[in-house]
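Here is the structure we will look at.
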Amino acid sequence: MKITFKINDKTVEARTGWTVLETAQHYGIDIPTLCHHESVTPSGACRLCMVELKEGNWSKLVASCIYPVKEGITIYTETERVSNVRRWVFEMLLSTCPASAKIRQMAANYGVASTRFPISNPDNKCMVCGLCSRVCEEVVGLSAISVVDRGVHKKIGAPFLRPTDVCVACGCCVSVCPTGAMQSFFDQVRGEPSMRLTQLTRQSAQEVKTS
Amino acid sequence: MNYKANIGVFLCQCGNKIKSSIDLEIVKESFEKDSRISHCEILPYPCQTPGMDMITGALAEKKLNRLIVAGCESRLMLKKFENAFAALELRRGQIDIVNLRGHVATVSDLTPADKAAKSIKLINGAIAEMQTLVPTGQSYAQIDGPIAILGCGMAGISAARELSRKKMNFFLVLDTAKPDRMVQKLHHYYPGERSYERRFRDMVREVFDSEYGTILSPFRLVGISGVTGDYTLTLQSEPDETIVKYKAGAIIASLDAEMGSPGPQYGHDGLSVMIQPEMENLISGQGAPEGQIVFWVNDYETGQSEFAQLSAKSAWKMACHIRECSPVSQAIILYHEQMQVPLTAAERAINRKHGILWVAYDGNLRPTIQDGLVTFCNLTDHVERDLPWDYMVLSPVRHLNGKALDTAKILGLVHQEQKFLTGHHARVRPEMVGREETYLAGSARYPCDLLEALSQGQRAGSKTTEMLRKSANGELMLPRIVCVVDPDKCIGCGQCQELCDCGGIGVEEGPGGGLPRVVDPMVCTGGGTCAAACPYHALVLQNNSNDQREARVAALAGQLTPDETLAIGCVWGGLPAADNAGKMGLKYDPRVHIMGVNCIGQIDPCVMARAFVEGASGLILVGCNPEACHHSYGLDHAWSRVNVVKRLLTLCGFSRDRIALAHSDLNHPEEFVRTVESFNRSVAMIGPIERSKENVDKLNAIYNVIKFNTRIRHLLSANLRRPKEKDYRGDQQHALEYDRDFTAVIKEEFLQHRLLTVLENEKRPLNLQDLVASLNENEIRIADCLWSLVSEGTISMSHENRQAVYHF
């Protein structure tokens, strides 16, 4: 079924099942994203893709990657309200993961160079969007890594934060990671090659260690 | 079935990422003229819902049955496309994704037009592969018949109870039909688990009384044949040795490890110094003994330190029981300082109540056992102390032998001699493999306590039930990329079976005996090194065949200019490293053209040779690190194959550095960049292969020899590393001798082949001098070779003008 609506005053035609982000990108309108990857279902974690939706006399901000298209709505991707939200998001991201070059660069595009929030770990790159764990589950079909803990303690990890033999070392998580954090974390998930193959080799490695 | 290829190519702009650096219009123009392509379209994002809708429209309209998307990483996006188009009869193998973004767009500073030209080459390779594909239909596994539970481990009872509760038919192959004997075994295999006795007895009774189960006893397994869903088990009755055959749909193996004596150096006599199962027997026979009982957890001394905690736990449980039944007895547990006491807080409270003493000793000094005393070095003051005992209980030495090992061998579960049977399965993505058709449970898998063994059994039971239910509903799909045997070509040499690590190649009983001619698709991982090793090309990897790879390599190599090189990366090492290099924006030599394979081990040496025939001047194979190969020894096998091609290149006077095997870790793309740059430099130094008639003939000869000469192929396969071997050694002890012999065989066969080609092409009798002139070889070697060909009757010799001439 065809759905007609407007993005930045340009009339676009979508079909049922498309999201606002997908429609915008299909028509060549750029919306910044971090936690969005085509291979998995969107989760709306990073809130960077926020856009302003006007319907009748009122407007609201929605995350475009998970917002399904609707007949007659108007979307604005770069209003003052939207960039205000994005600047806030960037400031928060800069406090969580100040080490990520990609985030710093994107933030600079919005004029955000520093953050007013406290930086707890200046070397952190991970923004805990959970994209890696979604890829592991949906694309690879495993759950070697997942988001552990809640709230401000949330982090990405293998069970018990130890190398896991569930991991097949396919590296899909490294390839999708938007901030480059997974590259350094990957070895902690897959472990040493000798640990990875089978428990048998692990056993013999242990024998060597103890003898 | 859709045999005729109807290919659609979709080019991804990826927003601005590809569009801005590759001139996609040039690519599109080139393919619109191409008669092999039915449809070509540029889409902003083919992978998102709008793009998918467009593709669906094109698929339906033009009845496309092959899809090539030129965009980004195949391993990330392929599944999404497969799921989306499964309803349109497009399945695994019929969709290919070429990574333009990661392999072309971001990695070099070429102009958009040059990048378009490189993209066209890569896509042409994919098209050639798609054209050669012979897709199979989707088949489903049929599993019916009862579930066999083999071995007589404790876990088997647990699995049987699970099956009985889920109303599945099963049969248990046991050596005893008496429930009491089964309970007796509990004490034998799991000492210290006395408190479980009553529950276990109930469990055994429930299984023995179950209406869904049959107890076959006393029987033992002597043979097995067939594939998942249709096994035939050969059982031998113990007393009269009659053979019976049973059909089974699935198998659960429940095996327990043996507990042996640590030997006389520990004073083991079974009376006063005993191992834990013997103590357990003593308790069940005579009740708890009186006196001072010392449990020495001596696993560190017997070299099984990893089981120390397990032994300590069972020692503690026995100690508790003894203290409960006979309060006058003393129980002391003597343990190595490195071991952590495996007790929870609640158990420590019980320990205090019973007053069981835990004594750690200095691990550097081995305790000495004497009559009635054990001397050990105290940890705190380093004073040698004597501990008197009335009964000394040692940890058992856990190992596999006897019936459990026999059964495991018949089931093909033994992967390393004298090791436990830990689930060893090639580590590939779950959707690539079927399911482990043999569910293995029990302490033979890896020593564990009773609780773990029982839960393993229960898990095996419920997984098997789930599999049978799926099969009954017609939902159990067989993996599409698996090996199949062409019985017309197979001579039953068994090379593939020896090389196969997944255990998927089975034996088919026929009039001539058992031949390894049947592949179990549920077990095959599609690694394909077996197919590449077959001397007769009788094994074919369905939907991902050798012909397809050859076609792709040929198409790619055929388009290369003399200074360009070809790289083949495996999806676990080289290809993702290249993808990640692209993602990180690393720049490298754009003359390298990358294509992917599932495992470097599936590349037949003839494919490598074909690349040189078609025009490549350098070929590099980039696999994982050797110890990280996901298909166990694919990389080792590739090493041997590359080496054969190197020998042949050297024989023809080409540099052996034109082909190389490299290792790359996907997480270190900068190393991948160094690898390809260095390879490109060394090929550039050698320079391109001059395509003179002589060189082309030689390259063709290399290709033909490596593809069709069964002697060389046999020799090559026979010397590949077997899954059970520790290292690569060839079949001779002396590395140099092996190498010399192999080179001699290759030389001989290669010269023979070239001689025969010349004789065949000339179609007239030739004398020695003619042959020497046309082959440019040593006269004596040619004479030798001619003599052996004449004596074996391949060619004949006659005389013309008093000179020997040779002809067919």
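Taken over segment B:251-288, the criterion of being among the hydroxyl-bearing types (Ser, Thr, Tyr), open to solvent by less than 40 Å² (accessible area, probe 1.4 Å) and not in a strand (DSSP E or B) is satisfied by B:Tyr266, B:Ser272. Candidates in segment B:679-720 are the residues that are under 20 Å from B:Pro605 (Cα atoms) and of a type in the set (Lys, Arg); of these, the one that is least open to solvent (accessible area, probe 1.4 Å) is B:Arg713.
For segment A:5-57, the set of residues classified as assigned to a loop (DSSP other than H, G, I, E, B) and under 20 Å from B:Ile42 (Cβ atoms) consists of A:Trp18, A:Tyr27, A:Gly28, A:Ile29, A:Asp30, A:Glu38, listed by residue number. Just to be sure before I move on: is B:Leu334 assigned by TED's automatic domain parsing to the domain that holds B:Asp269 and surrounded by fewer than 19 Cβ atoms within 10 Å (Cβ to Cβ) in the structure I sent? When the stated conditions are applied, B:Leu334 does not pass them. For the subset of segment B:308-318 comprising residues that are surrounded by 20 or more Cβ atoms within 10 Å (Cβ to Cβ) and within 14 Å of chain A (Cβ to nearest Cβ), which member is nearest to B:Leu365 (Cα to Cα)? Restricting to residues being surrounded by 20 or more Cβ atoms within 10 Å (Cβ to Cβ) and within 14 Å of chain A (Cβ to nearest Cβ), the top hit is B:Ala308.
Between A:Glu71, A:Glu91, A:Glu137, the distinction of being under 30 Å from A:Thr4 (Cβ atoms) and not aromatic (Phe, Trp, Tyr) belongs to A:Glu71 only. Applying the condition of being touching a residue at least 24 places away in the same chain (Cβ under 8 Å) and in contact with a helix residue (DSSP H, G or I) (Cβ under 6 Å, 6 or more places away or on another chain) to segment B:776-805 and asking which residue is surrounded by the most Cβ atoms within 10 Å (Cβ to Cβ) yields B:Cys785. Residues in segment A:1-33 that are within 7 Å of another protein chain (Cβ to nearest Cβ) and on the phi > 0 side of the Ramachandran plot: A:Gly17, A:Gly28.
What residue, of B:Ile68, B:Ile37, B:Ile55, B:Ile26, is more than 14 Å from chain A (Cβ to nearest Cβ), touching a residue at least 40 places away in the same chain (Cβ under 8 Å) and either touching a Pro at 6+ places or on another chain (Cβ under 8 Å) or open to solvent by 50 Å² or more (accessible area, probe 1.4 Å) (or both)?
Only one candidate qualifies: B:Ile26.
Kindly check whether there is at least one residue in segment A:54-71 that is open to solvent by less than 10 Å² (accessible area, probe 1.4 Å) and within 14 Å of chain B (Cβ to nearest Cβ). Yes. Annotation: A:Thr79 fulfils all but one of (1) more than 14 Å from every other protein chain (Cβ to nearest Cβ); (2) within 19 Å of A:Thr11 (Cα to Cα); (3) of a type in the set (Val, Ile, Thr); (4) buried (at least 19 other Cβ atoms within 10 Å of the Cβ); the unmet one is (4). Across segment B:650-670, the qualifying residues are those that are part of a loop (DSSP other than H, G, I, E, B) and over 30 Å from the mean Cα position of the chain (by Cα), and the one among them that is farthest from B:Pro688 (Cα to Cα) is B:Cys652.
Can B:Glu61 be described as out of contact with any Ser or Thr (no Cβ under 9 Å at 6 or more places or on another chain), among the charged types (D, E, K, R) and either over 24 Å from B:Asp547 (Cβ atoms) or buried (at least 24 other Cβ atoms within 10 Å of the Cβ) (or both)? Criteria met by B:Glu61. Within segment B:598-622, being surrounded by fewer than 24 Cβ atoms within 10 Å (Cβ to Cβ) and of a type in the set (A, V, I, L, M) holds for one residue alone: B:Val613.
In the set (1) in contact (Cβ under 8 Å) with a residue 24 or more places away in the chain; (2) part of a helix (DSSP H, G or I), the condition left unmet by B:Ile333 is number (2).
Filtering segment B:156-198 to residues that are under 20 Å from B:Phe219 (Cβ atoms) and outside any helix (DSSP H, G or I) leaves B:Asn169, B:Phe170, B:Phe171, B:Leu172, B:Val173, B:Leu174, B:Asp175, B:Thr176, B:Ala177, B:Lys178. Of all the residues in segment A:106-140, those that are under 16 Å from the mean Cα position of the chain (by Cα) and either assigned to a loop (DSSP other than H, G, I, E, B) or farther than 27 Å from B:Lys80 by Cβ (or both) number 8. Kindly indicate the residue of segment A:143-162 that is crowded, with 17+ Cβ neighbours inside 10 Å and in a loop (DSSP other than H, G, I, E, B) and also nearest to the other protein chains (Cβ to nearest Cβ) among those meeting that condition. Per the stated criteria, the residue is A:Ala144. Filtering segment B:45-76 to residues that are under 30 Å from the mean Cα position of the chain (by Cα) and assigned to a loop (DSSP other than H, G, I, E, B) leaves B:Cys72, B:Glu73.
Conditions: (1) closer than 22 Å to B:Ala155 by Cα; (2) in a strand (DSSP E or B). B:Ser311 meets all but one. Number of the miss? The failed condition is (2). Just checking, does segment B:378-401 include any residue being assigned to a loop (DSSP other than H, G, I, E, B), open to solvent by less than 20 Å² (accessible area, probe 1.4 Å) and either within 14 Å of chain A (Cβ to nearest Cβ) or in contact with a Pro (Cβ under 9 Å, 6 or more places away or on another chain) (or both)? Checked segment B:378-401: at least one residue is assigned to a loop (DSSP other than H, G, I, E, B), open to solvent by less than 20 Å² (accessible area, probe 1.4 Å) and either within 14 Å of chain A (Cβ to nearest Cβ) or in contact with a Pro (Cβ under 9 Å, 6 or more places away or on another chain) (or both).
Checking each residue in segment A:173-189 for being touching a residue at least 60 places away in the same chain (Cβ under 8 Å) and either within 10 Å of chain B (Cβ to nearest Cβ) or part of a helix (DSSP H, G or I) (or both) picks out A:Val176, A:Gly180, A:Ala181. Scanning segment B:94-132 for residues that are outside any helix (DSSP H, G or I), under 16 Å from B:Glu73 (Cα atoms) and of a type in the set (A, V, I, L, M) returns B:Ile95, B:Ile97, B:Val98, B:Val107. With respect to B:Val613, is the statement that it is more than 20 Å from B:Ala533 (Cα to Cα), more than 24 Å from the chain's Cα centre (by Cα) and part of a helix (DSSP H, G or I) true? It is true that B:Val613 is more than 20 Å from B:Ala533 (Cα to Cα), more than 24 Å from the chain's Cα centre (by Cα) and part of a helix (DSSP H, G or I).
The values are calculated or read from the model by the stated rules, or taken from the named source; none is laboratory data. The model shown is predicted, which means the values in this text are computed figures rather than measured ones. No Cβ is skipped: glycine too gets one built from the backbone with ideal geometry, and neighbour counts run over all protein chains shown. Remember, those area values only see protein heavy atoms, side chains included, never the ligands or the DNA or RNA. Shrake-Rupley method; radii C 1.70, N 1.55, O 1.52, S 1.80 Å.
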